[in-house]
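Report on one structure; see the data block that follows.
Derivation of every value follows stated rules applied to the coordinates shown; laboratory data play no part. All values reported here derive from a predicted model rather than from experimental measurement. Reconstructed Cβ throughout: ideal geometry from the backbone, glycine too, with neighbour counts over all protein chains shown.
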Amino acid sequence: MSELMVCKPDPQALQAAYQIHQQVVPQPWRFDTFIDCTTAPYSARVVLQGHRVIGYALLLMVVDEATLMDLGIVEDARGIGAGQQLLQGVIAHCKASHMASLWLEVRSSNRVARQLYSKAGFIIQEVRKGYYPATAHTPTEDAVIMTMSLNA
Ligand SMILES: CC(C)(COP(=O)(O)OP(=O)(O)OC[C@H]1O[C@@H](n2cnc3c(N)ncnc32)[C@H](O)[C@@H]1OP(=O)(O)O)[C@@H](O)C(=O)NCCC(=O)NCCS
């Protein structure tokens, strides 16, 4: 199996990241919105397996607080540690950018993502009841707000 590597995406890698975004997010953003979320104060990281982009993360950094906006791994590359490696790359990027904390929100039913974040050291800060509105296919759902201190 090719090695995994986390890096800053070039324009071609961003196209690939957007395709993954369309596959993993229930209500994907438009391409231009996605691209807007890769330029300051936002930034992006991708995880490569060999030359293939298999996942992406979008971040917002304001003063010393970072927010993980979105993170996804293409379905056929899950369970091999790519999410974990990408998250570690994001954390390293935040530390190098002198962020004091990293925040995120996750659907309460998203057991796999919650496990990934807990394992990386995130703790639950708050549960926002009914944060995600119901859709034609899903009921109202709580958001779990998680945070990690980046001060060593
Ligand atoms: C959540 C997601 C990013 C995980 O990516 P992944 O590459 O499959 O995860 P990894 O292989 O790096 O696994 C990391 C940890 O996540 C947890 N995990 C991964 N797959 C799991 C599964 N099927 N069941 C339970 N926990 C799981 C485990 O804690 C795992 O660590 P371990 O293997 O040492 O036990 C991926 O499932 C995904 O893209 N989901 C859809 C998008 C999404 O939900 N994004 C998060 C939005 S907040």
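Side notes on the structure shown:
- The mean sequence separation of alpha-carbon pairs under 8 Å and at least six residues apart, normalised by the residue count of the chain, gives a relative contact order of 19 percent.
- For the chain, taking Cα atoms only, Rg and Dmax work out to 15.0, 44 Å respectively.
- Within the chain, helices built from complete DSSP H runs that reach 15 Å or longer along their own axis (Cα positions) and carry a mean Kyte-Doolittle hydropathy of 0.0 or higher are 82-96.
- With a Förster radius of 25 Å applied to the beta-carbon distance between ILE145 and GLU75, the computed FRET efficiency rounds to 0.45.
- Environment charge at GLU126 (Cβ cut-off 12 Å; Lys +1, Arg +1, Asp -1, Glu -1): 0
- Counting other Cβ atoms within 10 Å as a rough exposure proxy, the listed residues HIS21, HIS98, HIS137 run HIS137, HIS98, HIS21 from fewest neighbours to most.
- Sorted fewest first by neighbouring Cβ atoms within 10 angstrom, THR147, THR39 come out as THR39, THR147.
- Taking the DSSP beta bridges with both ends in the chain, the antiparallel portion is around 90 percent.
- Taking all C-alpha pairs of segment 12-70, those more than 12 Å from each other amount to 66 percent.
- Unit charges on C-beta of K, R, D, E only; dipole of the chain, Debye: 280 debye
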